[in-house]
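J.: So that we are looking at the same thing, I have put the structure below in structure tokens.
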Amino acid sequence: MGQLLAILGDHRDSDEGAWMRAHLTKGPRHLLPGLVLALLCSLSIGSVAQVENSDPIESDPTARPTPETTADNPADAVVIDMRNSLDARPSPEPVAESSLVLEYQAAIEAQERLGGAYSPGMTEQLLGLGTALQQLNRHEEAIDVLKRGAHIARINNGLYSGEQLALLRSEIRSHMAMGQFDQVDERQRYLYRVERRSLANRSDSAEALMRQAQWQQQAFLMRVGDPETQMGRLMVTWDLYRLALTEMIEIHGNSAPQLRRPLMGMLTSQYLFAGHRGYPYYKASKDSDAQLAGLTSTAYKRGVAVLNALLELDTANEVSLEQHAQDTVALGDWAMWFGKFSEAEIHYATAMGLIEGGEQPELMARFFAQPVPLPAIESLDPLPPYMNSDQGPLAVSFSVTETGRVKEFEELLRPELEDDKAVRRLVRTLKDTRFRPGFDGSQPVASEGLIWSFSATAWDPETVLLD
């Protein structure tokens, strides 16, 4: 226990880390026995401040500049070139406005007449109008409406009013739909601060921490923002999941099944610290990730602690054999990822013993019959869906060694595309993917002549977010 606590707590906090402690903690920590205690007793890793406290608050979105008339600006008068005949075709009929949009607009106008431009009753109507516009895929209009609603909420109830939470979350959805990820990041930072100051209910607070952690992880993978802050995002991600775990323990107790979600989030952050990127986020050049190299030893020990905490939860909650075996296999996968093959084999053998004792041979086939790309955990799929055939437009043949490395790679079919960057990225990712090897009995073995193929959705622009 002492060694684990030393590993988890040996971090010197920067000024940003001090800010993190001040702004990412809420209420006393809950101390627990066992490995979960070790996870929770760790200090914040410290971070580059991805969740900053200097967002400007928008000026009044209702204010609009009044355009000057053409009488005042003769240079702006419309000039018609009479050398060309005017188009005699009738103008297209205007599209009828949605009845729901019209209803909300009428309700907002009525509120303005009764209470003025900042009437407190308008926020609910503006949220409804913004949602209606989103359903019509009119996200730019929706953002203006939702910003106005949040501005009114701040004017009436204060800078960190909880009334603006639904408006901010809805605005973020529109920015996401439009691919405006820098704006998403900015609004997430402000949303985080509002949530920490306004959410008194621990369940709501824990869920807010989970959502923020998931965004920080996604933003890291998508390389949103300044490249110099990317490592800080991972530190923030770990801290947010850890704090969500603390709050869920306060709510549910230290052996509740609800703790699985933040623990899995903590595990994903350690896979990212240890270099996992996966498709479509993989890049051949990893220079920007070089600063993470010194953290992989710590990442390994933290990952082991998280996985052992998951196994403690399994025992406390008498989970199914499938779940218990899966978490034991995950401990072997974690060792395999770091090239600790002897440790991996020990954990795989333990999982095989559980399966044999439970008389469920189908689990043996599922976990050990064929090579499995790693990490094989929720939310971190290393590759897009594939078929065990050569029927897709991209088909490849390869072998996997007993230590999980890809060898003898050959392209059998490749689509002819004007821009095939995404296909090339997929091929590179597959070549560099670490696998859990197939097993013959209790021994890992090489698997030769594997044939996989991928459908076009794997590199479709709607699927792949990065250029």
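Taken together, the values in this text are just the output of simple stated rules run on the coordinates, not laboratory data. Please read these numbers as outputs of a predicted model, since none were measured by experiment. No Cβ is skipped: glycine too gets one built from the backbone with ideal geometry, and neighbour counts run over all protein chains shown.
J.: Just to be sure I understand, how many residues within the range 358-367 are in contact with a helix residue (DSSP H, G or I) (Cβ under 7 Å, 6 or more places away or on another chain) and closer than 10 Å to residue 329 by Cβ? Don't jump to the end; show me each part of the working.
T.: Initially, the range 358-367 is screened for residues in contact with a helix residue (DSSP H, G or I) (Cβ under 7 Å, 6 or more places away or on another chain), giving 358, 360, 363-364, 367.
Those left that are additionally closer than 10 Å to residue 329 by Cβ: 363, 367.
Adding up the residues that qualify gives 2.
J.: Could you count how many residues in the range 202-233 are farther than 19 Å from residue 267 by Cβ and not charged (D, E, K, R)?
T.: Going through the range 202-233 one residue at a time, the tally reaches 10.
J.: In the range 219-252, which residues are closer than 19 Å to residue 299 by Cα and free of Cβ contacts under 8 Å to residues at least 60 places away in the same chain? Walk me through how you get there before you give the answer.
T.: Residues of the range 219-252 that are closer than 19 Å to residue 299 by Cα, as a first pass: 220-221, 229-243, 245.
The answer is 220, 230, 234, 237, 241.
J.: In the set 396, 423, 406, which member is of a type in the set (A, V, I, L, M), free of Cβ contacts under 8 Å to residues at least 40 places away in the same chain and more than 28 Å from residue 326 (Cα to Cα)? Before you say what the answer is, go through the steps one by one.
T.: On the way: 396 fails: free of Cβ contacts under 8 Å to residues at least 40 places away in the same chain; 406 fails: more than 28 Å from residue 326 (Cα to Cα).
Sole residue among the options that is of a type in the set (A, V, I, L, M), free of Cβ contacts under 8 Å to residues at least 40 places away in the same chain and more than 28 Å from residue 326 (Cα to Cα): 423.
J.: What about residue 307, is it under 29 Å from residue 258 (Cβ atoms), aliphatic (A, V, I, L, M) and free of Cβ contacts under 8 Å to residues at least 60 places away in the same chain? It would help to see each step written out before you state the result.
T.: Details: under 29 Å from residue 258 (Cβ atoms): yes; aliphatic (A, V, I, L, M): yes; free of Cβ contacts under 8 Å to residues at least 60 places away in the same chain: yes.
So residue 307 fits the description; yes.
J.: Working only within the range 185-213, note down all residues that are within 19 Å of residue 274 (Cβ to Cβ) and surrounded by fewer than 18 Cβ atoms within 10 Å (Cβ to Cβ). Give the derivation first.
T.: Residues of the range 185-213 that are within 19 Å of residue 274 (Cβ to Cβ), as a first pass: 213.
Within the range 185-213, none qualify.
J.: Return a yes/no flag: does the range 405-422 have any residue that is closer than 14 Å to residue 446 by Cβ and not in a strand (DSSP E or B).
T.: yes
J.: Can you name every residue in the range 255-279 that is surrounded by 21 or more Cβ atoms within 10 Å (Cβ to Cβ) and not in a helix (DSSP H, G or I)?
T.: Within the range 255-279, the subset surrounded by 21 or more Cβ atoms within 10 Å (Cβ to Cβ) is 259, 262-263, 265-274, 279.
Matches in the range 255-279: 274, 279.
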